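All remarks here apply to the structure that follows.
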Protein chains: 2
Amino acid sequence: MSDISSKQTVGQQPAPSRARRSKGAAADGGQHARADGPPEVGLVPGVPEWRTTGTLTALQELVEVSETVPAVVARKAGLSTSELHSLRHLMRGPIGPVDLAKVLGVTSAASSGVVDRLVGHGHAERRSHPGDGRRTEVVITERGRAEVLARMTPMFESLAALDATLSEGDRVVVERYLRGATAAMKNLMT
Amino acid sequence: MSDISSKQTVGQQPAPSRARRSKGAAADGGQHARADGPPEVGLVPGVPEWRTTGTLTALQELVEVSETVPAVVARKAGLSTSELHSLRHLMRGPIGPVDLAKVLGVTSAASSGVVDRLVGHGHAERRSHPGDGRRTEVVITERGRAEVLARMTPMFESLAALDATLSEGDRVVVERYLRGATAAMKNLMT
DNA sequence: TAATGTCACTCACCAACTTAGTAATCTACT
DNA sequence: AGTAGATTACTAAGTTGGTGAGTGACATTA
């Protein structure tokens, strides 16, 4: 794990020297230009020399909400994030617990429990696979489908409207950017 | 909500009919035409009548990766997702446990534990707030900063390179799209 | 000064994951 | 055909990281 820690001043930051503002909230430990400095903090805030553009900060914000939204939506629906994630995937068609586990990034033991809860809430049901006695197919129910749509429809409508405003030329540019960003993030997972 | 699901053939997918592939891994419950199948599944798969564009599917993939990456990266680093999230936020400057809790979307009881673990691993330290005896500031250490940079730098470099290829005109288009998408998702949280 | 609010923290509990192992079934190789 | 090995779904027990409730120290306001 990160043998990187070469020099290490570990504990102490240089010492605040700067007199404290009496301000309540900000806290400002004195490290980097936050409130008063130049407008930007950088895509990696804390490494100010990395230049930032409007598109990059917009991308960063999108990624940030993408991480936040599922947890919030799931909670509102009374589901765990794994359950919501499963439900969304089940919209595409039936799938077995083992494959579902791969989609979720958890063990099959965990996904077995996820399916239990889904079935318990009436959002999905188990069905035995014709032709392979080991397999179980998990199938979304009407209720599960309605739940997902109810939670996500407004977003899809907004997105579709936004998307419709793009010209053909714009599409090429935007899609290339999105796919490039996706690839960059996927690389972190390797 | 979503009276949309008007007709819907609900549960049953047409039935797999297709003979099973002997293949070990894929298992292919008929789910996503990802690599090989017909190009599109629909932004809301399971509601085929919703039209999909290249940009929308690219956006969907980006969002999906954004949800997946943090968990994978955190695990590789031996951190919980909350710890990684905190660390990333701490790059911007010190913050108290209560505010950190708001950022993470958890209770302050939980964030107290997060800070404990961060401090235990040497990634951050507690410092008492000058001027307000109740407050504690959580400050990232050099080691914590190095950890984040080590994990995320390759991504930022790729993104910066990608971003640099945009013309001024492109930027306007892309940024508008990204901000629009962000807004659409944020609305789900309200 | 007293009342009220805020912050960081602890405690008991719980949900959702992990590892380790099971029985049933399928596949491949003699 | 018979059997060894994979694969699937599941269970059991333990761990992790969260919640809700409540505490004491301090700050702010009446």
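Somewhere in the range B:86-95, is a residue assigned to a loop (DSSP other than H, G, I, E, B), over 30 Å from B:A124 (Cα atoms), modelled with pLDDT of 50 or more and within 7 Å of chain A (Cβ to nearest Cβ)? No, because not a single residue in the range B:86-95 is assigned to a loop (DSSP other than H, G, I, E, B), over 30 Å from B:A124 (Cα atoms), modelled with pLDDT of 50 or more and within 7 Å of chain A (Cβ to nearest Cβ).
Consider the range B:135-150 and keep the residues that are facing chain A (nearest Cβ under 7 Å) and among the basic types (K, R). The one that is nearest to A:L56 (Cα to Cα) is B:R145. Against the criterion of being near DNA strand C (Cβ under 9 Å from one of its atoms) and at pLDDT below 95, A:G131 qualifies. Among residues of the range B:70-96 being of a type in the set (G, A, S) and touching an Asp or Glu at 6+ places or on another chain (Cβ under 8 Å), the one that is farthest from DNA strand D (Cβ to nearest atom) is B:G93.
For the range B:161-190, the candidate set comprises residues that are in a helix (DSSP H, G or I) and more than 7 Å from chain A (Cβ to nearest Cβ); within that set, the residue that is surrounded by the fewest Cβ atoms within 10 Å (Cβ to Cβ) is B:E168. The requirement of being at pLDDT 95 or above, surrounded by 19 or more Cβ atoms within 10 Å (Cβ to Cβ) and not hydrophobic (A, V, I, L, M, F, W, C) is satisfied by B:E147. Restricting B:V172, B:V119, B:V138, B:V115 to those that are of a type in the set (A, V, I, L, M) and away from DNA strand C (no atom under 16 Å from the Cβ) reduces the list to B:V172. In this structure, is B:T153 among the β-branched types (V, I, T) and facing chain A (nearest Cβ under 7 Å)? When the stated conditions are applied, B:T153 does not pass them.
Would you check if A:G96 is at negative phi, surrounded by fewer than 23 Cβ atoms within 10 Å (Cβ to Cβ), touching a residue at least 12 places away in the same chain (Cβ under 8 Å) and more than 7 Å from DNA strand C (Cβ to nearest atom)? The answer is yes for A:G96. So which residues in the range A:76-95 are basic (K, R) and under 17 Å from the mean Cα position of the chain (by Cα)? Answer for the range A:76-95, where residues must be basic (K, R) and under 17 Å from the mean Cα position of the chain (by Cα): A:K76, A:R88. For the range A:96-124, the tally of residues that are at the interface with chain B (Cβ under 8 Å from one of its Cβ atoms) and over 20 Å from the mean Cα position of the chain (by Cα) stands at 3.
In the set (1) in contact with a helix residue (DSSP H, G or I) (Cβ under 8 Å, 6 or more places away or on another chain); (2) modelled with pLDDT under 70, B:P39 fails one condition alone, (1).
The values are calculated or read from the model by the stated rules, or taken from the named source; none is laboratory data. A quick note: this is a predicted structure, and the numbers were derived from the prediction, not measured. When we count neighbours, we look across all protein chains shown, and the Cβ atoms used for this are built from the backbone with ideal geometry, even at glycine.
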